[in-house]
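First the structure, in the form of structure tokens, and then the observations on it.
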Number of protein chains: 2
Amino acid sequence: MESRKKLMHAKITSEVLRYCTDFFHRKGFVQLMPVILSPITDPLGPDPGSTVIKTGEIEYLGQRLSLTQSMILHKQIAVKQGIKKLFIISPNVRLESPARKESGKHLFEFSQLDFEIEGGKREDVFGLMEELMKGTVEHVKKECADELHILGRTLPAFSSPFSCYTTHELEEKYGADWETAASLAHSAPFWALCHRREFYDKEDPAEPGHYRNYDLIYPEGFGEALSGAEREYEYERIIARIGKDRLDAGRYAAYLELARDGMLPSAGGGFGIERLVRYITGAKHVGDVQLFRRVPGEQVIV
Amino acid sequence: MESRKKLMHAKITSEVLRYCTDFFHRKGFVQLMPVILSPITDPLGPDPGSTVIKTGEIEYLGQRLSLTQSMILHKQIAVKQGIKKLFIISPNVRLESPARKESGKHLFEFSQLDFEIEGGKREDVFGLMEELMKGTVEHVKKECADELHILGRTLPAFSSPFSCYTTHELEEKYGADWETAASLAHSAPFWALCHRREFYDKEDPAEPGHYRNYDLIYPEGFGEALSGAEREYEYERIIARIGKDRLDAGRYAAYLELARDGMLPSAGGGFGIERLVRYITGAKHVGDVQLFRRVPGEQVIV
């Protein structure tokens, strides 16, 4: 049964990749190549939820290059170079603490579908993602009906717009660790707005200490699907936010050089393909849907 | 003009990814997720053409993990796990010597479309690739006619089957360094058979010292497009070939453990997306088609 399950997960993963790739092309997005090594990458902090123990790095011909933790900074640079709507399917390496082994949703290597829209707003991302989520689930139900049946997974149809809460509302109702409890209390995906997060997520000019960002949360306890935001794009704001996060600005020198006369306003997001497949298949652990398992704290076989 | 060229290259890259992804799905291939870190990766040797100076490695929770140089070993394992036809678009990291800077075709990071067919033969790969090459070129001609016009690139229609030579014939005609000369002498892609290469390329049982492998070569001096082979799949043959190449068998322990009762016979290949885009656009250097340039010996900006 285990090897049969592996094949069913592989087929569903393939159909998810197929649908998502085609969807973004149909919507006029330009598909970029992934980047794996760069002098700059997403700091993944000061997200209080981040437990990455170090950034993967190598040395090559005298340069220190980091393994991609997410494509966010490269997305902003691509938008500045004139690509108005873009997406990438890129491996992300996040060397998580072994304590994350049991979370059910953490991997030290996974693929993220990352997209960005020049001049985009939160509402543009919501509309796009809701259409994508519904479309992907319908596609898999149609193409992999036998697999879902054997896996015992029934997926409800869900309707737009998805419910939407601020993290402040969610904290009040479910406590500081609201994600799992709120996810369990829902049967359809929902949006959570306003997270204290990385420097590139726009702080609301009208309400300092509040943020123009959002997560999409899967229902039934599966937790976070997507993180995204409208972006900080003004140089002075970016510098101020990097300072506030006590990050080493030198690590972002090349990015800051390009940002000196401003990035362009944009909004976007990124979602893990494996987490989407986990939600669709109802797998216990996100590592269960990987053909080559990458769970923090487990030995890597191949 | 440079920034305009970047956008045209990005659009053509996007259309190439779109066409290739859709093509393999239409042909019933299962799309796998890329792997970036693993205890095992392609040794890239003893290819006399390989000038990789080291394998990228990191240490994570007590394990030494290599950055993917190609997905070949994982493809064989996936076939053994029951996936009969598969493809992957995966970043490959090959830390090339800075001497490769001027070759026009080397990158230290690129994305390869890698595919494998259980029970496949050379002829299956030839038919598939010739259809893909023709289809991709026709698709780009249709979708990016303006870009090709501005870039001044005219692509001939080419017909199947492509010409086919052994490397022995090519060496005799063009000398030991036949690739560029033979490429320049052709106006359509052609196949070159029988390379002395890595342990996983099948040695011809009827003709020891000859190999059931193949390269596809672009015309007009653009050189190698694809490498592929029918594979060694019997444990004793794999062990013998690893020994002959003086590789440390310990580095392949997990692969050899899975191969102990035999891999399955298969054939496949892999081609670099950037090299295909270079050929289609007629760019001088393969790095010119990358939005984020990764040329060995050049400083990496972002």
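The values are calculated or read from the model by the stated rules, or taken from the named source; none is laboratory data. Since we're looking at a predicted model, the values are computed, not measured. As a convention, Cβ positions derive from the backbone with ideal geometry for all residues, glycine included, and neighbour counts pool all protein chains shown. Surface accessibility is based on the protein's heavy atoms, side chains included, excluding ligands, DNA and RNA. Shrake-Rupley method; radii C 1.70, N 1.55, O 1.52, S 1.80 Å.
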(request) Compare each residue of the range A:273-302 in its chain alone against the assembly with all protein chains, and report those whose accessible area goes down by 10 Å² or more; 1.4 Å probe, heavy atoms. (result) A:Glu274, A:Leu291, A:Phe292, A:Arg294, A:Gly297, A:Gln299, A:Val300, A:Ile301, A:Val302
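Could you list the GluC sites (Glu not before Pro) in the range A:219-302 that lie in coil according to DSSP, counting only those with at most 12 other Cβ atoms within 10 Å of their Cβ?
Answer in residue order: no site qualifies.
Mean separation of Cα pairs under 8 Å and 6+ residues apart, divided by the residue count of chain B: what relative contact order is that in percent? Mind dumping the intermediate values first?
On the way: 565 pairs, mean separation 69.7, N = 302.
Computed over chain B, the figure is 23 percent.
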(message) Nearest 500 deg cm²/dmol is fine: what mean residue ellipticity at 222 nm does the protein assembly as shown get from its DSSP H runs of n ≥ 4 alone, each adding -39,500 (n - 2.57), divided by its residue count?
(response) -10500 deg cm²/dmol
(request) Return one whole number: the accessible area per residue of the protein assembly as shown in Å², for a 1.4 Å probe. (result) 38
(request) Report, by chain and number, residues whose modeled amide H sits under 5 Å from the one on B:Asn92, excluding near sequence neighbours (fewer than 5 apart, same chain). (result) B:Phe110, B:Ser111, B:Gln112
(request) For A:Arg18, tell me the accessible area in Å² from a 1.4 Å probe, rounded to the nearest 10. (result) 70
(request) Please express the Cα-Cα pair-distance distribution P(r) of chain B as a list of whole percents, one per 10 Å bin, running from 0 to the bin with the greatest distance. (result) 6, 27, 37, 24, 6, 1
(message) What does the copy distance list look like for B:Pro156, label position 7 Å along Cα→Cβ, in nm and ordered from shortest?
(response) 6.2
(request) Could you state the angle between the C-alpha long axis of helix A:2-26 and the longest principal axis of the C-alpha atoms of chain A, as a value from 0 to 90 degrees rounded to the nearest 10? (result) 50
(request) Quick one: which residues, 5+ away or cross-chain, put their amide H under 5 Å from the amide H of A:Tyr218? H built at 1.01 Å from N. (result) A:Gly223, A:Glu224, A:Ala225
(request) Could you please put A:Lys84, B:Lys121, B:Lys105 in sequence from largest to smallest accessible area, using a 1.4 Å probe? (result) A:Lys84, B:Lys121, B:Lys105
(message) Spelling out what I want: for every residue of the range B:197-202, take phi, set θ = phi - 60°, compute 6.51 cos²θ - 1.76 cosθ + 1.60 (Karplus), and round to whole Hz; glycine and proline get x.
(response) 9, 3, 4, 8, 7, 5
(request) Determine the principal axes of the Cα atoms in the range A:53-136, then give the extent along each, sorted from largest to smallest and rounded to whole angstroms. (result) 38, 37, 18
(request) Before anything else, pin down the relative contact order of the range A:50-158: Cα pairs under 8 Å, at least 6 apart, normalised by residue count, whole percent. (result) 23
(request) Mind grabbing the base-10 log of I(q)/I(0) for the protein assembly as shown at q = 0.06 Å⁻¹? Debye formula, identical points on the C-alpha positions, no solvent, two decimal places. (result) -0.30
(request) Could you tell me how many degrees, from 0 to 90 and to the nearest 10, lie between the Cα long axis of helix A:235-244 and the main elongation axis, the longest principal axis, of the Cα atoms of chain A? (result) 70
(request) Can you check how the C-alpha radius of gyration of the range B:156-260 compares to 2.2 N^0.38 Å, as a plain ratio? (result) 1.26
(request) Over chain B, with every protein chain in place, what whole percent of the accessible area is carbon and sulfur at 1.4 Å, could you tell me? (result) 50
(request) List, in order, the whole-Hz ³J(HN,Hα) value for each residue of the range B:31-39 obtained from phi through the Karplus relation with A = 6.51, B = -1.76, C = 1.60 and θ = phi - 60°; use x for Gly and Pro. (result) 8, 8, 7, x, 10, 10, 10, 7, x
(message) How high is the relative contact order of the range B:110-199? Use alpha-carbon pairs under 8 Å, at least six apart in sequence, and give a whole percent.
(response) 26
(request) Note down the accessible area of A:Thr41, probe 1.4 Å, to the nearest 10 Å². (result) 20
(request) Rank these residues by their accessible area, most exposed first, probe 1.4 Å: A:Cys164, B:Cys144. (result) A:Cys164, B:Cys144
(request) For the pairs A:Lys6/B:Lys11; B:Lys6/B:Lys101; B:Lys134/B:Lys202; B:Lys6/B:Lys142, note any where the Cα-Cα span goes beyond 26 Å. (result) A:Lys6/B:Lys11; B:Lys134/B:Lys202
(request) Determine the order of A:Ile217, A:Ile89, A:Ile301 by accessible area, beginning with the largest, at a probe radius of 1.4 Å. (result) A:Ile301, A:Ile89, A:Ile217
(request) Restricting things to alpha carbons, tell me how big the range B:89-219 is in terms of Rg and Dmax, in Å. (result) 16.8, 51
(request) Can you tell me the 0 to 90 degree angle between the C-alpha axis of helix B:122-143 and the longest principal axis of chain B, rounded to 10? (result) 30
(request) Apply the Karplus parameterisation 6.51 cos²θ - 1.76 cosθ + 1.60, with θ equal to phi minus 60°, to every residue of the range A:265-281 and state each ³J(HN,Hα) to the nearest whole Hz, in sequence, with x for glycine and proline. (result) x, 7, 9, x, x, x, 9, x, 5, 5, 5, 5, 5, 4, 4, 5, 8
